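Every read-out reported here was derived from the displayed coordinates using simple, explicitly stated rules and does not represent laboratory data. Model, not experiment: these values are computed from the prediction. Backbone-built Cβ (ideal geometry, glycine too); neighbour counts: all protein chains shown.
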Amino acid sequence: MAILVVGSVAFDGIETPSGRVERVLGGAATHFSLAASYFTDVRVIAVVGEDFTAENEAVFTNRGIDTRGIEHTSGKSFFWAGSYLNNLNEAQTLKTELNVFQSFSPKIPVEYQDSEFLFLANIDPVLQADVRAKMPKVKLVCGDTMNYWINDHSENLKKVLKGLDGLLINDTEAKLLAHDTNLVKAADKILAMGPKSLVVKHGEYGATAFFSERSFEKNGTPPSKVFLPFRAPALPLSEVVDPTGAGDSFAGGFFGYIASQKELTPAIFKKAMFYGGVMGSFAVERFGTERLAQLDPKEIEERFALFRELSHLE
């Protein structure tokens, strides 16, 4: 079962209480694909510049990720710099250089047309909609967005939401999108916009899933009941080195696990949220992609067991 992810492959400059790095591999598609690669096959569509080296690409290929969809063009790759010195839960953007990403127009290789799962990472909703329209046969499609698109491109974003099986955003974005400060009411409003399910990420406090009557429908037939919201925990960590890729890594673990299963059931969905938390917790332990790129699958299962312990009374 192959996931096709469309998003950014970039370089980051990061400053946290644990230290500072001037330039590390990052980007939404990067963290997502690395996390998902521990569960299923992953294909990436992105654009990079001449500064993207063979060593950078090896971070993907060493995990078996298909990089034929990464377009190499003249210029520099997308670069972002941020500081977490004041708040580990929210970055202060110091610099954004779109570079080749500014004119990014996703091109879907013929070899990717049979992808069964599609993840639309945080990019222009116009591009998300275009890719979605070109992949009508995918089994399941999930997406992400951010404040900029919500504030300034809401009409285009609403068109994307109508075609999503799942939307993964953080709690600030959810409240902004719904124009409601109550998360439960905000979730109801967002589900009415089109997504069948909503996963709201709370950073160090875990994530909450909200379901609609269409969340687990089969062949257009909804289940006999509507499921209550579900909260998955986050693992308390003694040190967070770099939170930059946590949300995208959560999405990769979540969607990667779903893609590895034969069908989507409430139990699979909930278990996927735990795996999302597992991958997010690994991502923050090192700068950039260092930790995600070098995981042992046994570590994933051991940490999953810890997440289960966190949420069980007995």
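Choose one answer from L85, L228, L157: the residue with the largest mean-square fluctuation in a GNM of the chain with alpha-carbon springs under 10 Å. Of L85, L228, L157, the most mobile in the Gaussian network model is L228.
Count the net charge of all other residues whose Cβ sits under 13 Å from the Cβ of D130, scoring Lys and Arg as +1 and Asp and Glu as -1. It works out to a net charge of +3. Candidate cross-link partners of K159 among the aspartates and glutamates, defined by an alpha-carbon separation under 13 Å and a same-chain spacing of 8 or more, comprise D124, D130.
Classified by the C-alpha gyration tensor, segment 61-116 has a prolate form. Its axis ratio a/c, with a ≥ b ≥ c, is 1.5 or above, and a/b is larger than b/c. Long hydrophobic helices in the chain: the complete DSSP H runs spanning 15 Å or more by Cα along their own axis with mean Kyte-Doolittle hydropathy of at least 0.0 are 246-259, 266-283.
The overall shape of segment 159-314 is prolate: from the C-alpha gyration tensor, with semi-axes ordered a ≥ b ≥ c, the ratio a/c is 1.5 or greater and a/b exceeds b/c.
Comparing mean-square fluctuations of S238, S260, S154 from a GNM of the chain with C-alpha springs under 10 Å, the top value falls on S238. Adding -39500 (n - 2.57) for every DSSP H run of four residues or longer, then dividing by how many residues the chain holds, sets the calculated 222 nm ellipticity at -10000 deg cm²/dmol.
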